[in-house]
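No value in this document is a laboratory result; all are computed from the given coordinates. Just so it is clear, the structure is predicted and the values come from calculations on it, not from any experiment. Cβ placement follows ideal geometry from the backbone for every residue including glycine, while neighbour counts extend to all protein chains displayed.
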Amino acid sequence: MSDDRKRQSAKAVSIEPATMPAGGWGSVSEVTHILLDQHVAGKDSRLLMRQNKPDGFACVSCAWAKPANPHPFEFCESGAKATAWETTSRAIGADFFERHTVTALESWSDHDLEDQGRLTEPLRWDAASDKYRPVAWDTAFAEIGAALRACQRDQVVFYSSGRASLETSYMYQLLARMYGNNNLPDSSNMCHESTSVGLKKTIGVPVGTVTLDDFEKTDCIFFFGQNVGVNSPRMLHQLQEARRRGVPIITFNPLRERGLVSFTNPQSPLEMLTGSETAISTQYHQLKAGGDTAALMGLCKAILARDDAAVAAGGQRVLDMPFLHEHTDGFDDFAAAVRACPWQDIEREAGLLREALELAADVYCNSSAVMAVYGMGVTQHRNGVQNVAMIVNLLLMRGNIGKPGAGVCPVRGHSNVQGQRTVGITEKPELAPLDKLKVQYGFEPPRKPGMNTVEACEGILARRVQAYIGLGGNFIRAVPETAMMEAAWRELPLTVQVSTKLNRNHVIHGKASYILPCLGRIEVDRQAGGAQSVTIEDSTACMHGSRGLAEPAAPGLLSEPAIVAGIAKATLDANPRVDWDGWVADYARVRAAIAETFPEIFHDFEARMWTPGGFRKPLAAAQRIWKTESGKAGFTVPDTLQGDPDTAGRDPDALTLFTVRSDGQFNTTIYSNDDRFRGVKGSRMVLFMARADMARHALSAGELVTLRTPSDDGVARRVAGLAVVPYDIPEGCVAGYFPECNPLIPLWHHAKESKVPAAKSIDVLVERMASGSAS
Ligand SMILES: Nc1nc2c(c(=O)[nH]1)N[C@H]1C(S)=C(S)[C@@H](COP(=O)(O)OP(=O)(O)OC[C@H]3O[C@@H](n4cnc5c(=O)[nH]c(N)nc54)[C@H](O)[C@@H]3O)O[C@H]1N2
Ligand SMILES: Nc1nc2c(c(=O)[nH]1)N[C@H]1C(S)=C(S)[C@@H](COP(=O)(O)OP(=O)(O)OC[C@H]3O[C@@H](n4cnc5c(=O)[nH]c(N)nc54)[C@H](O)[C@@H]3O)O[C@H]1N2
Ligand SMILES: [Mo]
């Protein structure tokens, strides 16, 4: 067990039943607390009023859509926390590293590292003293450039977390390609890559088809594996409005998540004073983790049965036959597979009763515009891509894609993760505009497929990768296989992190290591051409301008475009067609370059970037144009109903662990050790467990356990010191937090086609720890 985990588990955990709605007074008190705790100045707390407004800045938390007519307070508890965290008045000065060796910092928790505040000057690790020491920007760039020029071109990795703007991301992919590879893994490789693969294959677009407008027109919403109250709370406004219109919301989630149960709008004085709540889900199905394909098969089976009955009675068809004929292929094979699939298997694999699924299918059949919203509970599985394809099957049966109020709605994570792909961040050369870049910039772009996140990890473990550049994020903490990855990471010849806050990826570092601190999106970005704005794409494919408003955390910070340009200029041969300095002076020039590469999406970019509600990227599937191989939307037959096909013949004592986020975190950024919605206070080292499983393993509440994976690949994977929390969770499933449980995920345990680590079903064995229990 690392010291970090020891420190956490030593703290007392307290468990209280959480019965309050999402939002409400709890939300207000959380926001007030973090503003005070991070010493956010009064003027900066007023920044919240400009968040997600047409003339303000795009929130740095989630990617949820930003409406044209925003609410007076178009921010949520999570967004307010993210703003407070970035605009904190705490900062790391040079004295900090004088006081702490990097090895000593390894024992600090994720929270304590980031809580030191903003990074303020470029730093280089000094091996002799084991300390990060200030280095001039020019020196850092020159040294990094020289090192990169000496590397094997296809063995350098350019990772990005999904926050950087369209402008930065475009420059970054160009840097990688001019350098000579497509090694552009990004956070979406751990996130919605199953969506990008599954939707592209079935409906011909890699992203969701709905807009905010569809929420106003829908008459039924299905929700699979997405925790809206914590991870995209602004969507609660749309859900609350839909509920007021009587729209049913049917949820499939192993946990009864507060935001999916009820909501009090903290921005409505009336609701706050009267304590009125809106019940969100009208049906709540607590399926087993990994049970989505089976549950969806059950829904489809019940729908087919209703259609058969309608045909027999000479009534109106339940299936949308004209749509099926004109727009889809593969339906007959799919229907045959559904008919052949026994209810018994469906019930066993979904962990739900036939009656429950039939109830949900009734609502589906009685609705004329159905939307399916989903998140990580669907994508982070061995069968993640198949899960996505099953959601498409369900929608296609009644023509629920490409009509108002209907469609598929994958909820993206990072605020610009979808946009990064749009402007060329991808390891797949066939998805990048290589021919266009060749003409525009007069170089020969590399055609060899690059490394995605899992492949980058494999290359690092094999000691093949020679350098890692990270544009944001906390790669080493976010990826699976923590123990082996940390050991291999230390042998990387070069690691460079562009960051705002200190994190695990700085204290676990390569033989040469640099931290390049950058401005955040909330800050004023002054360049030669004046204060700059940037753009991002939200979860509904709408592009928005964003203007920083807060004073920068320190005078010495550079913007992300300036840092990318600095590395590029020091690394690449000069190319008269790429004016890196001109781009940094005026980001409008980067937008002009983006528009030249992608004219269909970004024509008139400068004029359209402040469109209220954003301007939308053309989405063929939303127009019922299917850019698939067959030219139709495709039904697909699932390979298996099992959530984790590797567990056949598993140890009968094994449990299925899924990792989740609390309301006290943004990914590896841990704001606090509390999880208000799940009633856990004081520690994240907990294991949510059904009482029946506790009894079976003779465990009592608060007892400390060790989890380990039973895999036979010779690698020992364990996390010790988790306190057992009795919880309403299906038997056989346990839940723990990301990233604390990442050491348990084998690197090979990823979605078959998309390589998204299968963080939502990990085979584990639970063992009682010899000593003590948390109080
Ligand atoms: N405040 C805050 N906001 C965030 C983030 C954050 O950490 N904090 N992270 C951002 C990012 S990058 C992302 S990708 C999104 C993530 O947002 P979500 O997609 O909501 O991700 P998770 O919190 O991992 O939780 C997924 C949900 O799936 C459920 N679940 C687990 N296994 C299964 C299953 O097999 N089937 C079904 N149907 N459900 C299952 C869990 O109980 C949980 O409610 O949020 C983004 N927004
Ligand atoms: N077990 C398990 N593992 C998971 C998941 C899971 O559900 N379970 N979820 C996966 C998912 S969905 C994702 S998206 C990944 C997340 O993986 P990442 O995106 O790599 O990680 P984050 O925690 O979001 O990165 C946080 C760091 O970003 C830096 N940062 C913040 N703002 C900025 C900025 O404006 N610019 C720059 N340059 N840096 C900034 C800060 O230094 C901060 O420490 O994790 C994945 N890993
Ligand atoms: Mo994500």
Exercise. With +1 on each Lys and Arg Cβ and -1 on each Asp and Glu Cβ, how big is the dipole of the chain about its Cα centre, in debye rounded to the nearest 20?
Worked result: 500 debye
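Compute the orientation-averaged projected area for the stretch 603-691 from the convex hull of its Cα atoms and round it to one decimal in nm². Please report the intermediate quantities before stating the final value.
Details: hull surface 51.0 nm².
Projected area, direction-averaged: 12.8 nm².
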Seminar exercise, completed: quick shape note, the stretch 176-261: Cα extents on principal axes in Å, largest first -> 55, 26, 21
Seminar exercise, completed: What the 5 Å binned alpha carbon P(r) of the stretch 22-83 shows, as percent of pairs per bin from 0, is 4, 19, 29, 26, 16, 6, 0
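With +1 on the Cβ of every Lys and Arg and -1 on the Cβ of every Asp and Glu, and nothing else charged, how large is the dipole of the stretch 631-752 about its Cα centre, in debye rounded to the nearest 20? Before the final figure, lay out the partial values.
Numbers: 13 positive and 15 negative charges, 62 e Å.
Charge dipole of the stretch 631-752: 300 debye, to the nearest 20.
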For this session: Can you give me the P(r) profile for the stretch 362-504? Cα pairs, bins 10 angstrom wide beginning at 0, each as a whole percent.
Result: 9, 26, 31, 21, 11, 2, 0
Seminar exercise, completed: Here the chain gives, from Cα atoms, an Rg and Dmax in Å of 25.1, 84
Exercise. How are the C-alpha pair distances of the stretch 523-674 spread across 5 Å bins, as whole percents from the shortest bin up?
Worked result: 2, 7, 10, 11, 12, 12, 12, 11, 9, 8, 5, 2, 1, 0
Exercise. Which far-off residues, 5 or more places away or on another chain, put their amide H under 5 Å from the one on residue 490, with H placed in the peptide plane?
Worked result: none
Seminar exercise, completed: For the stretch 88-169, the Debye formula with one identical point scatterer on each Cα and no solvent gives log10 I(q)/I(0) at q = 0.13 Å⁻¹ as -0.60
For this session: Name the residue farthest towards the positive end of the dipole of the chain from the options 392, 555, 416, assuming +1 on Cβ of Lys and Arg, -1 on Cβ of Asp and Glu, about the Cα centre.
Result: 555
For this session: Would you list, by chain and number, the lysines whose Cα falls below 27 Å from the Cα of residue 569, excluding same-chain residues fewer than 8 positions away?
Result: 428, 436, 438, 448, 501, 511
Problem set entry | Along principal axes, Cα extents of the stretch 474-599, largest first, whole Å | 44, 35, 34
Exercise. Which whole-Hz couplings ³J(HN,Hα) result when phi for each residue of the stretch 397-412 is put into the Karplus expression 6.51 cos²θ - 1.76 cosθ + 1.60, θ = phi - 60°, listed in order with x for Gly and Pro?
Worked result: 3, 10, x, 8, 9, x, 9, x, x, 10, x, 10, 9, x, 8, 6
Exercise. So what J values fall out for the stretch 369-377 if you push phi through Karplus, 6.51 cos²θ - 1.76 cosθ + 1.60 with θ = phi - 60°, rounded to Hz, Gly and Pro as x?
Worked result: 9, 10, 10, 10, 9, 8, x, 5, x
Seminar exercise, completed: Once the in-chain neighbours fewer than 8 apart are removed, the lysines whose Cα is under 28 Å from residue 288 read 200, 201, 301, 681, 752, 755, 760
Exercise. Between residue 551 and residue 316, how many nm apart are label points set 7 Å from Cα along the C-beta direction?
Worked result: 6.5 nm
For this session: Give the residue from 23, 68, 38 lying farthest towards the positive end of the charge dipole for the stretch 22-83; charges sit on Cβ (+1 for Lys and Arg, -1 for Asp and Glu) and the dipole is referred to the Cα centre.
Result: 68
For this session: Assuming R0 = 22 Å, can you tell me the calculated FRET efficiency for the pair residue 620 and residue 431, based on Cβ-Cβ distance, to the nearest 0.05?
Result: 0.90
Exercise. Residue 439 versus residue 94, label points 7 Å from Cα toward the beta carbon: distance in nm?
Worked result: 5.1 nm
Exercise. Whose amide H sits under 5 Å from the amide H of residue 519, counting only residues 5 or more places off or on another chain, with H placed in the peptide plane?
Worked result: 558, 559, 560
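Please report the antiparallel percentage of DSSP beta bridges with both residues in the chain, rounded to the nearest 5. Walk me through the intermediate numbers first.
Values: 41 of 92 bridges.
Beta bridges within the chain, antiparallel portion: roughly 45 percent.
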Exercise. How large is ³J(HN,Hα), in whole Hz, for each residue of the stretch 553-562 in order, when computed from phi with the Karplus curve 6.51 cos²θ - 1.76 cosθ + 1.60 and θ = phi - 60°, using x for Gly and Pro?
Worked result: 4, 7, x, x, 6, 10, 7, 4, x, 5
Problem set entry | Hypothetical label at residue 283: residues of the stretch 293-335 whose amide nitrogen lies under 14 Å (7 Å Cα-Cβ projection) | 295-306
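Can you give the Kirkwood hydrodynamic radius for the stretch 194-414, in Å, rounded to one decimal and based on Cα pairs?
Values: mean 1/r = 0.0566 Å⁻¹.
One over the average 1/r among Cα pairs gives 17.7 Å for the stretch 194-414.
Taking R0 as 22 Å, what FRET efficiency do you get between residue 731 and residue 640 from their Cβ-Cβ distance, rounded to the nearest 0.05?
Details: r = 21 Å, r/R0 = 0.97.
The calculated FRET efficiency here is 0.55.
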Seminar exercise, completed: A correct Stokes-Einstein calculation for the stretch 211-299, using the alpha-carbon Kirkwood radius, 37 °C and 0.692 mPa s, returns a whole-number D in µm² s⁻¹ of 239 µm²/s
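Per DSSP H run of n ≥ 4, the term is -39500 (n - 2.57); total these for the chain, divide by its residue number, and report the mean residue ellipticity at 222 nm rounded to 500 deg cm²/dmol.
On the way: 34 runs with 278 residues, N = 775.
Value at 222 nm, helices only: -9500 deg cm²/dmol.
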Seminar exercise, completed: Given backbone amide H placed at 1.01 Å from N, residues whose amide H is under 5 Å from that of residue 527, ignoring those fewer than 5 places away on the same chain, are 532
Seminar exercise, completed: Nearest-0.05 FRET efficiency for residue 104 and residue 268 at R0 = 30 Å, using Cβ-Cβ distance, is 0.05
Exercise. Measuring from the lowest to the highest alpha carbon on each principal axis, how far does the stretch 457-497 reach, largest first, in angstroms?
Worked result: 23, 20, 14
Problem set entry | Farthest toward positive dipole pole in the chain [+1 Lys/Arg, -1 Asp/Glu at C-beta], among 664, 340, 588 | 588
